[in-house]
Amino acid sequence: MEVAGEPIRVQILSQSGLTRVPPQYVQPPHHRPKASSPSPPQTIPTVDLSGSGRDSVREAIGQACLDWGAFHVTGHGIPTDLLRAVKRVGLTFFNDCPVADKLRYACDPAASASEGYGSRMLERDDTVLDWRDYFDHHTLPLSRRDPTRWPHFPEDYRRVVAEYADRAAALARELLGLVSESLGLPTRCVEERVGEFYQNITISYYPPCPQPELTLGLQAHSDMGAVTLLVQDEVGGLEVLKDGEWVGVKSLDEDAIVVLLADQTEIITNGKYKSAQHRAVTNSSRARLSVATFHDPTKTVKISPASQLISESGPPRFREVVYGDYVSSWYTKGPEGKRNIDALLLD
Ligand SMILES: O=C(O)CCC(=O)C(=O)O
């Protein structure tokens, strides 16, 4: 798809002044967002990691994982200034960099999760498109990190993203430790089964959409890896599926980070904790920005339920999977909710 010789980006479409979304962005009726409900919706819990004692923090995390698979964390130690900065550099790139400069960093549209500036998430080109542009960064292990592939503008972009990546990885480790402990496992149990983090940071930019009732900024999915940390601006648009209903997750305050359990954690915990199915909706008046940091196993790692969580009365619920095979299946078949993890269920 091309617009005036350039590969298409949603921001270009949005700025062209169109009043109807092109047909390839129109979701089938059963996937469209619902008009917001008049009663104040429930939302994900908040866990203050600096709260009173590890026992109560661990308990709060365990409950949040059981009930939602998603929660806000505060008191996590990542400086507010750094959270602000990572959103600022992302927004400056999308808003202030000329299109031609942005396209210098275009990702390879033929390769899934390739680094750079893109719009399409899946390899298949017969699916409804998301109303979103993004910049994907490969950040860990350090052998994958090459900041010269990231935007040169604003001038502190590369330093800020690298610093945030390191702080986010430390927080992800801390959270997986609490997840393990909340199930009575040794602190490093889940982290050791995941192995060295393969970390990507995706900065998503959702331009205003002329028909938000017909589109999704990002289709419903659960994340493939172990745990995702999401920082969002004040615009709102993230929704988490709870008991069959989509629940809005507004930004709490500048310090709060959304934690989303991902599929490999569901497998390792033998389904005791579920990965969070989520999506992003759009709006007609304000662009929205989010920064998602994914912590995944390396592709060669085999993932299976932790042996400590298997017993005669609680047999393994998932087949072992090589993580790279899981990723390939996800990108070729598409997420369609949780179809890829469901395909590993043993009956
Ligand atoms: O922008 C959001 O709120 C969600 C982002 C997300 O789910 C993703 O990047 O996978």
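Count, please, the residues in the range 236-257 that happen to be within 10 Å of the ligand (Cβ to nearest atom) and not small (Gly, Ala, Ser). Adding up the residues that qualify gives 4. Residues that are out of contact with any helix residue (DSSP H, G or I) (no Cβ under 6 Å at 6 or more places or on another chain) and at pLDDT 95 or above: find the helices (runs of 4 or more DSSP H) completely inside the range 229-347 holding 2 or more of those. By residue number, 263-268, 323-333. Taking the stated definitions as given, is LEU178 touching a Phe, Trp or Tyr at 6+ places or on another chain (Cβ under 6 Å) and farther than 24 Å from VAL10 by Cβ? Spelling it out, it is not the case that LEU178 is touching a Phe, Trp or Tyr at 6+ places or on another chain (Cβ under 6 Å) and farther than 24 Å from VAL10 by Cβ. Screening GLY177 on (1) outside any loop (DSSP other than H, G, I, E, B); (2) touching a Pro at 6+ places or on another chain (Cβ under 7 Å) shows it passes everything except condition (2). If only residues of the range 278-332 that are more than 30 Å from ARG88 (Cβ to Cβ) and within 16 Å of the ligand (Cβ to nearest atom) are counted, the one that is surrounded by the fewest Cβ atoms within 10 Å (Cβ to Cβ) is TYR331.
Would you mind stating whether THR202 is within 16 Å of the ligand (Cβ to nearest atom), β-branched (Val, Ile, Thr) and assigned to a loop (DSSP other than H, G, I, E, B)? So THR202 fails the test. Could you run through the range 240-252 and say how many residues are surrounded by fewer than 23 Cβ atoms within 10 Å (Cβ to Cβ), in contact (Cβ under 8 Å) with a residue 24 or more places away in the chain and closer than 14 Å to SER290 by Cα? Count: 2.
Name the residue that is nearest to the ligand (Cβ to nearest atom), counting only residues in the range 223-235 that are farther than 24 Å from THR298 by Cα and not β-branched (Val, Ile, Thr). Across the range 223-235, the extreme among qualifying residues is GLN232.
One line per residue, one yes/no per condition, for (1) of a type in the set (Lys, Arg); (2) in a loop (DSSP other than H, G, I, E, B); (3) touching a strand residue (DSSP E or B) at 6+ places or on another chain (Cβ under 9 Å):
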site	(1), (2), (3)
ASP55	no, no, no
VAL89	no, no, yes
ASN95	no, no, yes
TYR117	no, no, yes
VAL128	no, yes, yes
HIS137	no, no, yes
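Here ALA162, ALA168, ALA172 are screened, and the one residue that is assigned to a helix (DSSP H, G or I), closer than 16 Å to VAL291 by Cα and touching a helix residue (DSSP H, G or I) at 6+ places or on another chain (Cβ under 7 Å) is ALA162. Among the residues making up the range 261-277, those that are among the small types (Gly, Ala, Ser) and within 16 Å of the ligand (Cβ to nearest atom) are ALA262, SER275, ALA276.
Between ALA168, ALA220, the distinction of being closer than 28 Å to THR74 by Cβ, within 14 Å of the chain's Cα centre (by Cα), within 16 Å of the ligand (Cβ to nearest atom) and surrounded by fewer than 21 Cβ atoms within 10 Å (Cβ to Cβ) belongs to ALA220 only. Remark: GLY77 falls outside the filter, which requires a residue to be under 22 Å from ALA169 (Cβ atoms), in contact with a strand residue (DSSP E or B) (Cβ under 6 Å, 6 or more places away or on another chain) and either at pLDDT 95 or above or assigned to a loop (DSSP other than H, G, I, E, B) (or both). Considering each residue of the range 87-103 in turn, none proves to be under 21 Å from the mean Cα position of the chain (by Cα), among the β-branched types (Val, Ile, Thr) and loosely packed, with under 15 Cβ neighbours inside 10 Å.
Inclusion of THR187 among residues that are surrounded by fewer than 23 Cβ atoms within 10 Å (Cβ to Cβ), more than 10 Å from the ligand (Cβ to nearest atom) and among the hydroxyl-bearing types (Ser, Thr, Tyr) is warranted.
The values are calculated or read from the model by the stated rules, or taken from the named source; none is laboratory data. A quick note: this is a predicted structure, and the numbers were derived from the prediction, not measured. Reconstructed Cβ throughout: ideal geometry from the backbone, glycine too, with neighbour counts over all protein chains shown.
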